[in-house]
Amino acid sequence: MSTTRTLRAVSAAAAVVVVAAAAAGCSSEDQDKPKPKPTHSSPAPTARPTDTYSPPPAMPSGKAGTPKGGLPKGVNEKDATAVAKAVATVAFTYDTDLDHTRADAQRRAARWLTPAYAKTALGQPVAPPGASWNQMAAHHGYTTAAARQAHDTAPASTPTSAYRQFEVTVKVRGRDGWKGDDEHWVTWIHLTRSTTSSPWKADSMRVSA
(Lines give C-alpha, C1' and ligand atoms only; values in the text may rest on other atoms or scores of the structure.)
Protein backbone atom coordinates (compact mmCIF):
# COMPACT_ATOMS: atom_id res chain seq x y z
CA MET A 1 0.00 0.00 0.00
CA SER A 2 2.80 2.46 0.83
CA THR A 3 4.46 1.87 -2.56
CA THR A 4 1.17 2.44 -4.39
CA ARG A 5 0.43 5.57 -2.49
CA THR A 6 3.96 6.96 -3.15
CA LEU A 7 3.69 6.30 -6.88
CA ARG A 8 0.34 8.01 -6.99
CA ALA A 9 1.70 11.06 -5.15
CA VAL A 10 4.64 11.33 -7.54
CA SER A 11 2.36 11.01 -10.55
CA ALA A 12 0.05 13.71 -9.20
CA ALA A 13 2.93 16.10 -8.59
CA ALA A 14 4.27 15.50 -12.08
CA ALA A 15 0.86 16.22 -13.54
CA VAL A 16 0.71 19.60 -11.74
CA VAL A 17 4.11 20.57 -13.15
CA VAL A 18 3.09 19.62 -16.69
CA VAL A 19 -0.17 21.56 -16.45
CA ALA A 20 1.61 24.64 -15.09
CA ALA A 21 4.23 24.59 -17.84
CA ALA A 22 1.56 24.25 -20.48
CA ALA A 23 -0.36 27.21 -19.08
CA ALA A 24 2.76 29.41 -19.04
CA GLY A 25 3.49 28.66 -22.68
CA CYS A 26 0.04 29.68 -23.94
CA SER A 27 -0.38 33.20 -25.43
CA SER A 28 -3.46 35.37 -25.04
CA GLU A 29 -4.15 34.75 -28.72
CA ASP A 30 -4.20 31.09 -28.07
CA GLN A 31 -6.55 31.63 -25.23
CA ASP A 32 -8.96 33.58 -27.46
CA LYS A 33 -9.19 30.78 -29.97
CA PRO A 34 -12.10 28.41 -29.51
CA LYS A 35 -11.00 25.29 -27.87
CA PRO A 36 -11.81 22.03 -29.57
CA LYS A 37 -14.25 19.88 -27.78
CA PRO A 38 -12.59 16.98 -26.06
CA THR A 39 -13.18 13.65 -27.62
CA HIS A 40 -14.03 10.70 -25.49
CA SER A 41 -13.20 7.21 -26.51
CA SER A 42 -15.80 4.66 -25.69
CA PRO A 43 -14.64 1.42 -24.11
CA ALA A 44 -14.54 -1.58 -26.35
CA PRO A 45 -17.79 -3.49 -26.16
CA THR A 46 -17.66 -6.53 -23.96
CA ALA A 47 -17.86 -9.73 -25.92
CA ARG A 48 -20.85 -11.84 -25.03
CA PRO A 49 -21.02 -15.49 -25.83
CA THR A 50 -23.69 -16.38 -28.31
CA ASP A 51 -23.70 -20.07 -27.41
CA THR A 52 -24.46 -21.57 -24.04
CA TYR A 53 -22.12 -24.20 -22.60
CA SER A 54 -23.34 -27.75 -22.86
CA PRO A 55 -21.72 -30.33 -20.56
CA PRO A 56 -20.77 -33.65 -22.12
CA PRO A 57 -23.52 -36.25 -22.06
CA ALA A 58 -23.60 -38.48 -19.00
CA MET A 59 -22.04 -41.90 -19.37
CA PRO A 60 -24.43 -44.88 -19.24
CA SER A 61 -24.18 -47.49 -16.51
CA GLY A 62 -22.10 -50.60 -17.08
CA LYS A 63 -23.20 -54.18 -17.31
CA ALA A 64 -24.29 -56.37 -14.42
CA GLY A 65 -21.91 -59.05 -13.23
CA THR A 66 -19.07 -59.82 -10.85
CA PRO A 67 -15.80 -57.99 -11.55
CA LYS A 68 -12.71 -60.09 -12.08
CA GLY A 69 -11.23 -58.66 -8.87
CA GLY A 70 -14.08 -60.25 -6.92
CA LEU A 71 -16.54 -58.98 -4.34
CA PRO A 72 -16.58 -59.54 -0.56
CA LYS A 73 -18.75 -62.41 0.60
CA GLY A 74 -20.51 -63.05 3.86
CA VAL A 75 -20.27 -59.46 5.14
CA ASN A 76 -21.57 -59.23 8.71
CA GLU A 77 -23.87 -56.23 8.40
CA LYS A 78 -24.24 -55.99 12.18
CA ASP A 79 -20.50 -55.18 12.36
CA ALA A 80 -19.69 -51.56 11.44
CA THR A 81 -16.06 -52.38 10.65
CA ALA A 82 -17.03 -55.20 8.28
CA VAL A 83 -19.50 -52.99 6.41
CA ALA A 84 -17.04 -50.12 6.13
CA LYS A 85 -14.36 -52.46 4.81
CA ALA A 86 -16.76 -53.83 2.20
CA VAL A 87 -17.64 -50.32 1.03
CA ALA A 88 -13.99 -49.26 0.86
CA THR A 89 -13.04 -52.40 -1.08
CA VAL A 90 -15.92 -52.51 -3.56
CA ALA A 91 -15.69 -48.79 -4.36
CA PHE A 92 -12.21 -49.36 -5.86
CA THR A 93 -12.85 -52.69 -7.60
CA TYR A 94 -13.29 -51.94 -11.31
CA ASP A 95 -13.59 -54.15 -14.36
CA THR A 96 -13.48 -52.45 -17.75
CA ASP A 97 -15.15 -55.46 -19.38
CA LEU A 98 -18.22 -54.65 -17.27
CA ASP A 99 -17.87 -51.03 -16.24
CA HIS A 100 -18.04 -47.85 -18.27
CA THR A 101 -16.70 -45.67 -15.46
CA ARG A 102 -15.54 -45.92 -11.85
CA ALA A 103 -19.07 -45.02 -10.79
CA ASP A 104 -20.14 -48.55 -11.67
CA ALA A 105 -18.00 -49.87 -8.81
CA GLN A 106 -19.76 -47.46 -6.46
CA ARG A 107 -23.10 -48.80 -7.65
CA ARG A 108 -22.05 -52.28 -6.57
CA ALA A 109 -21.46 -50.87 -3.08
CA ALA A 110 -24.97 -49.37 -2.92
CA ARG A 111 -26.30 -52.29 -0.88
CA TRP A 112 -24.23 -51.04 2.07
CA LEU A 113 -25.19 -47.36 1.69
CA THR A 114 -28.13 -45.53 3.22
CA PRO A 115 -30.83 -44.76 0.63
CA ALA A 116 -30.19 -41.02 0.96
CA TYR A 117 -26.43 -41.39 0.46
CA ALA A 118 -26.88 -43.78 -2.45
CA LYS A 119 -29.22 -41.30 -4.12
CA THR A 120 -26.78 -38.44 -3.63
CA ALA A 121 -23.61 -40.35 -4.53
CA LEU A 122 -25.00 -42.23 -7.50
CA GLY A 123 -27.61 -39.83 -8.78
CA GLN A 124 -25.18 -37.37 -10.37
CA PRO A 125 -24.39 -37.40 -14.12
CA VAL A 126 -21.13 -39.25 -14.77
CA ALA A 127 -18.53 -37.73 -17.09
CA PRO A 128 -16.24 -39.77 -19.38
CA PRO A 129 -13.53 -41.47 -17.30
CA GLY A 130 -10.36 -40.12 -18.91
CA ALA A 131 -7.03 -41.35 -20.26
CA SER A 132 -5.99 -43.69 -17.44
CA TRP A 133 -9.29 -45.56 -17.67
CA ASN A 134 -9.03 -45.76 -21.45
CA GLN A 135 -5.53 -47.21 -21.13
CA MET A 136 -6.76 -49.84 -18.70
CA ALA A 137 -9.72 -50.64 -20.95
CA ALA A 138 -7.38 -51.15 -23.91
CA HIS A 139 -5.89 -54.07 -21.94
CA HIS A 140 -9.30 -55.34 -20.77
CA GLY A 141 -8.12 -54.21 -17.38
CA TYR A 142 -9.48 -54.62 -13.89
CA THR A 143 -8.45 -53.85 -10.34
CA THR A 144 -8.12 -55.67 -7.06
CA ALA A 145 -8.51 -53.68 -3.86
CA ALA A 146 -7.16 -54.52 -0.41
CA ALA A 147 -8.44 -52.44 2.52
CA ARG A 148 -6.55 -52.24 5.80
CA GLN A 149 -8.12 -50.54 8.78
CA ALA A 150 -6.35 -47.42 9.97
CA HIS A 151 -7.02 -45.19 12.93
CA ASP A 152 -7.47 -41.45 12.99
CA THR A 153 -8.95 -39.01 15.45
CA ALA A 154 -12.71 -39.26 15.17
CA PRO A 155 -15.79 -38.95 17.37
CA ALA A 156 -16.37 -41.97 19.56
CA SER A 157 -18.72 -44.60 18.24
CA THR A 158 -22.19 -45.04 19.70
CA PRO A 159 -24.67 -47.91 19.31
CA THR A 160 -26.08 -46.21 16.19
CA SER A 161 -23.14 -44.18 14.82
CA ALA A 162 -19.61 -45.25 13.91
CA TYR A 163 -16.58 -43.88 12.09
CA ARG A 164 -14.04 -46.08 10.33
CA GLN A 165 -10.89 -45.31 8.37
CA PHE A 166 -9.29 -47.62 5.82
CA GLU A 167 -6.16 -47.47 3.69
CA VAL A 168 -6.88 -49.05 0.30
CA THR A 169 -4.21 -50.44 -2.05
CA VAL A 170 -5.46 -50.84 -5.60
CA LYS A 171 -3.59 -53.03 -8.10
CA VAL A 172 -4.28 -52.37 -11.79
CA ARG A 173 -3.97 -55.35 -14.11
CA GLY A 174 -4.84 -56.32 -17.68
CA ARG A 175 -6.16 -59.62 -18.90
CA ASP A 176 -3.28 -59.60 -21.40
CA GLY A 177 -0.64 -59.45 -18.66
CA TRP A 178 -0.28 -55.66 -18.61
CA LYS A 179 0.35 -53.98 -15.25
CA GLY A 180 -0.62 -50.46 -14.41
CA ASP A 181 0.59 -48.31 -11.54
CA ASP A 182 -0.67 -49.24 -8.08
CA GLU A 183 -2.91 -46.72 -6.38
CA HIS A 184 -3.12 -45.86 -2.69
CA TRP A 185 -6.15 -44.23 -1.11
CA VAL A 186 -7.39 -43.34 2.36
CA THR A 187 -11.11 -43.44 3.12
CA TRP A 188 -13.09 -42.06 6.05
CA ILE A 189 -16.51 -43.67 6.34
CA HIS A 190 -19.37 -42.76 8.66
CA LEU A 191 -21.98 -45.44 9.32
CA THR A 192 -25.38 -45.29 10.94
CA ARG A 193 -28.24 -47.56 11.88
CA SER A 194 -31.67 -46.82 13.25
CA THR A 195 -31.60 -49.39 16.05
CA THR A 196 -29.05 -51.74 17.54
CA SER A 197 -30.68 -54.64 15.71
CA SER A 198 -30.57 -52.91 12.31
CA PRO A 199 -27.77 -53.41 9.77
CA TRP A 200 -25.08 -50.76 9.52
CA LYS A 201 -25.13 -48.50 6.43
CA ALA A 202 -22.57 -45.97 5.25
CA ASP A 203 -24.02 -42.48 4.99
CA SER A 204 -20.86 -40.66 3.88
CA MET A 205 -17.35 -41.41 2.63
CA ARG A 206 -14.39 -39.10 2.11
CA VAL A 207 -11.45 -40.19 -0.05
CA SER A 208 -7.91 -38.86 -0.18
CA ALA A 209 -4.90 -39.98 -2.20
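The values are calculated or read from the model by the stated rules, or taken from the named source; none is laboratory data. Keep in mind that this is a model prediction, so the values were computed, not measured. Cβ sites come from the backbone with ideal geometry, for glycine too, and all protein chains shown count toward neighbours. The protein model used for the area step is the full one, side chains on, heavy atoms only, and it has no ligands, DNA or RNA in it. Shrake-Rupley method; radii C 1.70, N 1.55, O 1.52, S 1.80 Å.
Per-residue counts of other Cβ atoms within 10 Å, averaged by peptide: what ranking do you get for 163-170, 87-94, highest first?
Final packing ranking: 87-94, 163-170.
Over 25 Å between Cα atoms, which of LYS179/LYS201; LYS73/LYS201; LYS63/LYS171 qualify?
On the way: LYS179/LYS201 34 Å; LYS73/LYS201 16 Å; LYS63/LYS171 22 Å.
Correct reply: LYS179/LYS201.
Rounded, prolate or oblate: which fits the range 54-117 when a ≥ b ≥ c are the square roots of the eigenvalues of the alpha-carbon gyration tensor, with rounded for a/c under 1.5 and prolate only if a/b beats b/c?
Numbers: a/c = 2.88, a/b = 1.60, b/c = 1.80.
It is oblate, given that a/c is not under 1.5 and a/b is not larger than b/c.
Let me check something: with ligands and nucleic acids excluded, how do VAL207, VAL172 order by accessible area (1.4 Å probe), largest to smallest?
Numbers: VAL207 70, VAL172 10 Å².
From most exposed to least exposed: VAL207, VAL172.
Cα atoms only: what Rg and Dmax, in Å, come out for the range 111-150?
In order Rg, Dmax, the Cα atoms of the range 111-150 give 14.5, 36 Å.
Compute the Cα gyration tensor for the range 68-209, then decide on rounded, prolate or oblate, letting a ≥ b ≥ c be the square roots of its eigenvalues: rounded whenever a/c is under 1.5, prolate when a/b is larger than b/c in the other cases, and oblate in all that remain.
On the way: a/c = 2.15, a/b = 1.81, b/c = 1.18.
Prolate shape, in that a/c is at least 1.5 and a/b is the bigger ratio.
With each label point set 7 Å from Cα along the Cα-Cβ vector, what nm distance links ALA154 and SER204?
It is 1.2 nm.
Kindly list the residues of the range 67-111 that lie in the label zone of ALA127, defined by a backbone N under 18 Å from the point 7 Å along the Cα-to-C-beta vector.
Residues 100-104 fall inside that zone.
For the full complex of protein chains and a 1.4 angstrom probe, list MET205, MET136 by accessible area with the highest value first.
From most accessible down to least: MET205, MET136.
Return the FRET efficiency for the residue pair SER194, THR169: r is the Cβ-Cβ distance, R0 is 45 Å, and the value is rounded to the nearest 0.05.
So the FRET efficiency works out to roughly 0.85.
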